[in-house]
Structure formats: structure tokens, C-alpha cells
1. Using a 1.4 angstrom probe, figure out how much accessible area segment 1-98 has per residue, in square angstrom, rounded to the nearest whole.
2. Considering the dipole of the chain built from charges on the beta carbon (Lys and Arg +1, Asp and Glu -1) around the Cα centre, which of ALA232, PHE129, HIS89 is farthest to its positive end?
3. Nothing charged except the Cβ atoms of Lys and Arg (+1) and of Asp and Glu (-1): what's the magnitude of the dipole of segment 7-216 about its Cα centre? Round to the nearest 20 debye.
4. Compute the length gained on full extension between ILE252 and LYS132: take 0.36 nm times their separation in residues and subtract their Cα-Cα distance, giving the result in nm to one decimal.
5. For a paramagnetic label modelled at 7 Å from the Cα of GLN347 toward its Cβ, which residues of segment 295-332 fall within the zone defined by backbone nitrogen distances under 15 Å?
6. Below 13 angstrom from the Cβ of PHE335, what's the summed charge of the other residues (Lys, Arg +1; Asp, Glu -1)?
7. Under 16 Å from the Cα of LYS331, which aspartates and glutamates turn up, not counting those fewer than eight places away in the same chain?
8. Give me the net charge for the shell around PRO201: Cβ to Cβ below 14 angstrom, other residues only, Lys and Arg +1, Asp and Glu -1.
Amino acid sequence: MDVQFEHEKLKEWFLAEKRELPWRNNPDPYAVWISEVMLQQTQVAVVLPYFLRWMELFPTIPALASASLDEVIKAWEGLGYYSRARNLHEGARYLVAHFEGQLPSDEEQLAKIKGLGPYTIGAILSFAFHQKKAAVDGNVLRVLARYFQIEEDIAKASTVKKIRALTESFLPDEEPWIVGEALIELGATVCQRKAQCGECPLQAGCRSFRHGLVDQLPIKSRAAKTEHLYRAVAVIQSAGYFLVKRGKKGEIMSDLYEFPFFETARDGMTPQQLQRHINSQFGLSVKAGQSLPSVEHGFTRYQARLDPVIFACAHRLAVPDLEWLDVEALKQRAFSSGHRRIFQGLQALIDG
Ligand code: ADE
């Protein structure tokens with residue numbers, strides 16, 4: 001394919017304007033792997049402190065492999081989409097077992113690692129191993145759908161595949177990885193959803209700009225609609241211990257801690273109704289106390305409203321699937337982000 005693309009202009013712009021980010025400038029493959037997985041669905045500003053802390057906690061693949069899953073999940077706490085952390089951990093163990101703790105530079109071998117898809121594989125091969133490979137994420141799809149006026153649905157795998165092939169056809173032989181990362185940077189900082197065409201080094205060759213279509217492209221079919229959830233959350237305490245549940249394997253919150261809760265209708269339930277639920281379902285005898293402020297919690301396609309109420313319980317009886325932990329132990333555990341905020345509210349109350 002002979003495609004006209006102004007990669008020289010893009011490269012010049014990138015070298016002058018790029019953000020200094022800790023995973024840039026000759027990164028090692030492990031740093032590319034971690035940063036690119038963190039950057040999926042997550043903004044650079046959010047990722048930065050997580051990335052720096054992660055590299056201190058787990059500086060190498062063997063260090064990550066020898067950490068416990070709980071330590072890894074704790075380091076990810078708040079980033080969401082926790083399967084990413086579990087896959088990194090599993091991937092590190094796989095690499096220690098099969099590749100002496102190093103990432104291979106071969107596409108097929110990389111594809112065998114849990115959680116690595118074409119984007120992350122492209123990024124590792126390009127940014128770390130300097131191969132002529134495309135790393136096509138949402139930023140690059142937006143830039144190229146506009147530049148080449150591609151009026152196909154970018155939510156479709158066939159469109160992504162086509163744009164990946166197109167990218168590899170115009171990447172230069174010399175330093176292709178710089179153009180690859182420049183495409184991401186342009187999408188992240190200039191060719192954003194609301195494009196700043198006045199700042200764009202590619203404006204002259206951009207077909208959508210020429211045809212006044214920048215605001216219409218790319219075309220992306222909508223993801224599943226958000227589902228609202230309403231949850232009455234039981235913060236049950238007994239002499240400094242709290243009853244919590246650890247998400248089971250395969251559940252949406254697997255390995256994360258939450259207070260027990262009951263699904264309700266939109267208007268919630270009263271503390272007395274919640275008290276009856278707790279007593280009948282957990283075989284406890286609790287008394288309702290103070291309500292804590294409601295917390296909004298978005299995860300995957302859900303938007304949950306959490307309505308927490310504190311309950312006092314005289315005896316720490318065992319409840320199937322739940323555990324009693326004291327505050328110090330709870331501080332060490334990774335909570336889902338909604339329940340973490342409930343725990344923070346609770347700590348503020350305890351600390352006065
Ligand atoms: N988003 C995804 N990958 C990125 C990268 N390498 N730099 C900046 N933003 C990104």
C-alpha cells in the first residue's frame with residue numbers, strides 16, 4: 001500500500017512538544033508493558049503516581065512474580081478494571097517460568113501472555129524493541145480516521161485491523177517507534193474528541209479538516225448503556241472489628257474487599273429494613289446506628305449508589321463468606337473504590 005502520510009511533520013512536532021513521561025525515552029520492555037496496561041481506559045495524570053509506585057514496589061518482572069496477589073491488587077487499588085493487575089501478575093509468573101523473567105521480542109510469544117492484546121503487543125515491540133509495528137489505541141484510531149477520512153465504525157475489530165495495517169504501511173524505516181508514539185500523543189493532546197485543529201501539525205493533509213468533517217469523525221457505535229444500581233451497605237462493627245467480604249474469583253470485584261450490601265430499589269431501604277435483612281440473612285443480632293453519606297461508584301458499565309449505615313453487633317459470630325477484620329487489617333486490604341470511600345468516611349468518624 002502506498003499511503004501519503006506526513007510522518008516527518010508529525011515527528012518534528014512530537015520531538016518539540018511531547019510530554020516528559022517516566023515511561024518514555026528508551027524505556028525497557030517491562031516499563032512499556034506496565035505503563036501501557038495502566039494507560040488502557042485510564043488518563044495519564046491518574047496513571048503517573050501508580051506507575052512510579054509500582055516500579056518502586058516491583059522494579060523487575062521477577063520482583064512482580066514473587067509478590068503476592070494481594071500486594072499486587074493493593075498497588076492497583078483505585079485504578080479499576082482489576083483483571084489488568086491479575087493478568088500482569090500471572091504474566092510475570094509465566095515469564096519467569098518460561099522466559100527467564102524477560103519479555104520476548106516476538107509477536108506470537110507475546111500473544112501467549114495473559115491480557116496482552118494487539119495494542120499492548122504493538123506498543124512493546126515498537127517502543128521497547130524498536131520494531132516497525134503499529135500500536136493502535138483509541139487515540140490513534142481517532143487521528144487516522146480523521147486524517148484519512150475513514151467513515152467506518154471504529155468499534156469494529158475489522159476497522160481497527162484495517163487502521164493497524166494502514167499505520168504499518170506508512171511507518172518510516174527510520175525510527176518508526178517515534179512516529180508510533182507521536183500518533184498517540186497527537187490524539188491525547190491535540191486531536192482529542194474536541195479537536196484543536198489550529199494546533200495540529202497534520203492539518204494540511206487532513207481530509208476531514210478539508211471537508212469539515214472533524215466533528216463527525218470517528219464514527220463509533222455506542223457501548224452498552226449504563227445500568228444503575230442502588231445498594232444498602234451494612235457497616236457492621238463489633239468492638240473495633242468490621243464484617244467484610246472478599247470478592248470471589250470470577251466475580252466483578254474478585255480479590256477486592258467490600259462491606260456486605262443488599263440491592264434495593266431507587267428509593268433505598270430504611271436502616272430498620274436493612275437491620276432485619278442482616279439479622280435474618282447473617283444470623284446476627286445488630287442494632288442500627290448512624291447513616292454515612294451516600295457514595296457514587298462507577299465500574300465497568302454500572303453506576304452504583306451506595307447508602308451505608310453503621311450497625312453495632314454484640315458478638316463476633318462467624319458468618320459464611322464474610323470475615324471480621326480490625327481497622328489496622330482493613331487498612332492493608334484493597335477495597336473496591338466505592339467501599340474504600342465508605343471506609344475513609346468511617347475512619348474519619350472513628351478518628352473524630
Ligand atoms: N496513552 C496510551 N499510551 C500512551 C503513551 N505511551 N503515552 C501517552 N499516552 C498514552
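1. Details: 4920 Å² over 98 residues.
Each residue of segment 1-98 exposes 50 Å² on average to a 1.4 Å probe.
2. Working it through, the farthest residue towards the positive pole turns out to be ALA232.
3. Values: 24 positive and 27 negative charges, 119 e Å.
I would put it at about 580 debye.
4. Numbers: separation 120, 0.36 × 120 = 43.20 nm, distance 3.70 nm.
39.5 nm is the gain from fully extending ILE252 to LYS132.
5. 326-332
6. That sum, taken over residues with Cβ under 13 Å, equals +3.
7. Correct list for LYS331: ASP70, GLU71, GLU77, ASP255, GLU258, GLU323, ASP351.
8. Working: positive: LYS9, LYS11, LYS18, ARG146; negative: GLU6, GLU8, GLU12, GLU17, GLU185, GLU199.
It works out to a net charge of -2.
The values are calculated or read from the model by the stated rules, or taken from the named source; none is laboratory data. Not measured: the values here are computed from a predicted model. In this analysis, Cβ positions are derived from the backbone assuming ideal geometry, glycine residues included, and neighbour counts consider all displayed protein chains. Accessible surface areas use protein heavy atoms only, side chains included; no ligands, DNA or RNA. Shrake-Rupley method; radii C 1.70, N 1.55, O 1.52, S 1.80 Å.
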